[in-house]
Amino acid sequence: MKIYADNAATTRMSRAAIDAMMPYIEEYYGNPSSLYSFGQQAKEALESARETVAKCIGAQPREILFTSGGSEADNQAILSAAALGKKAGKTHIISDAIEHHAVLHTLKKLEKEGFEVTYLPVGTDGIVKVEDLEAAIREDTCLVTVMYANNEIGTIQPIKEIGKICREKKILFHTDAVQAVGHIPVNVESEYIDMLSSSAHKFHGPKGVGFLYARKGIRLTNLIEGGAQERGRRAGTENVPGIVAMAAALKESVEKIGENVKHAAALRDKLIAGLAGIPHSALNGDAVKRLPSNVSFCFEGIEGESLLLLLDDKGICASSGSACTSGSLDPSHVLLAIGRVHDVAHGSLRLTLGDDATEEEVDYIIQSVREVVEYLRGFSPVWRDLCAGKTEFIL
Ligand SMILES: *Cc1c(COP(=O)(O)O)cnc(C)c1O
């Protein structure tokens, strides 16, 4: 069996997205900035994609800026809000401990430039407390940036409550919604969102394309200077095939959201129940306020990396919460933030199911994880010490 259970890392492009993009590679390859009709066909496709994308999140087309993906959108949103804040003498930003590195590293850069950042803690449930946010707000707060849903543990933040508070206090509110858009209903209007980042390859679109929503009237800082594309806010010839495919993928995902959520959540809960049966294991993050496709676990006494490699041998593509792939041996900042100690955080596993996942696949995953965890514990010195009572079980 071959099971792709790493949809939080990236997704397969949908047929609708591939079909939508092909004509703009093969036939309508004109430059949307060209004045002849051949270029204007590309321009029309671009603007139609902008309308589609806007509609999917409750925005106006002119509020959508196409980018190279989620990272760029995060960078541009945060740097823009910081520039606006600085101009007004406000250099305090509020974020939280479990953001994606595209947000965290941008904030680090701003801290070096003199900005002060408050990182809200999350509870063991992986969710920010609205009271903590309220308490952190200051006269000089220029931005609140809290992700919609977490990429590692899938927890969903109280976005509407946060947005409402920010709107009342006249503070810009940005949300990294890369894991949410196309997966759960998102509406920038009713949720008081000023800026939102999204990425096509997380909802069955192509890689290297995404968008930033910025509410009308918010002045954006350019990251890329050059031509006047994107109304002067991002230079460079537009990725027309990618953008057209993104719009098609998003439209289809949003149309099927109700059915997908129901299907995925049922399988997710089955998977959680199955893995919870493994002794000394625990689900990471809230069991209910989480993405319908996300299952994240810690297993005591094992290394997440070994677990992944053995699951790969069984045909299962999964991910671990530790950042070893990036060359560091530090466990995930997200797992540490929800209170997992280093040793426990090292034994983590993230499974993110696709819309097309089946019960048989979930059964196979449960069986495989059981076998692999038992096998690894069989020769783990950490596990031996735990069983011998030399160290104490945490989970
Ligand atoms: C994937 C991801 C990003 C980065 O998006 P790219 O398009 O790959 O740059 C940012 N934030 C979150 C939460 C993500 O999951």
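The values are calculated or read from the model by the stated rules, or taken from the named source; none is laboratory data. Just so it is clear, the structure is predicted and the values come from calculations on it, not from any experiment. We place every Cβ from the backbone using ideal geometry, glycine too, and count neighbours over all the protein chains shown. Each accessible area value is taken on the protein alone, full model and side chains, heavy atoms only, with ligands, DNA and RNA left out. Shrake-Rupley method; radii C 1.70, N 1.55, O 1.52, S 1.80 Å.
Data overview
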{"read-out": "Leading residue by the ranking (most open to solvent (accessible area, probe 1.4 Å)) among those in the range 85-136 that are of a type in the set (Gly, Ala, Ser) and within 16 Å of the ligand (Cβ to nearest atom)", "value": "ALA97"}
{"read-out": "Whichever residue in the range 32-50 is open to solvent by 70 Å² or more (accessible area, probe 1.4 Å) and more than 34 Å from the chain's Cα centre (by Cα) and, among such residues, is nearest to LEU250 (Cα to Cα)", "value": "SER37"}
{"read-out": "Residue within the range 334-346 that is under 30 Å from VAL254 (Cα atoms), of a type in the set (D, E, K, R) and in contact with a strand residue (DSSP E or B) (Cβ under 7 Å, 6 or more places away or on another chain) present", "value": "no"}
{"read-out": "Selection status of ILE184, β-branched (Val, Ile, Thr), without any contact (Cβ under 8 Å) to a residue 60 or more places away in the chain and farther than 23 Å from THR221 by Cα", "value": "no"}
{"read-out": "Verdict on ARG290 being open to solvent by less than 10 Å² (accessible area, probe 1.4 Å) and among the basic types (Lys, Arg)", "value": "yes"}
{"read-out": "Some residue of the range 250-267 being buried (at least 18 other Cβ atoms within 10 Å of the Cβ), of a type in the set (Ser, Thr, Tyr) and closer than 30 Å to TYR28 by Cβ", "value": "yes"}
{"read-out": "Test: residue in the range 360-376 that is farther than 22 Å from ASP6 by Cα, of a type in the set (Asp, Glu) and open to solvent by 60 Å² or more (accessible area, probe 1.4 Å)", "value": "yes"}
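Here's the yes/no breakdown for (1) touching a Lys or Arg at 6+ places or on another chain (Cβ under 7 Å); (2) farther than 29 Å from ALA136 by Cα:
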| residue | (1), (2) |
| --- | --- |
| LYS160 | no, no |
| CYS166 | no, no |
| VAL181 | no, no |
| ASP194 | yes, no |
| SER198 | no, no |
| GLY208 | no, yes |
| GLY217 | no, no |
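Quick grid of which residues meet (1) under 25 Å from VAL122 (Cβ atoms); (2) open to solvent by 40 Å² or more (accessible area, probe 1.4 Å):
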site	(1), (2)
CYS298	yes, no
LEU311	no, no
ILE316	no, no
HIS342	yes, yes
SER348	yes, no
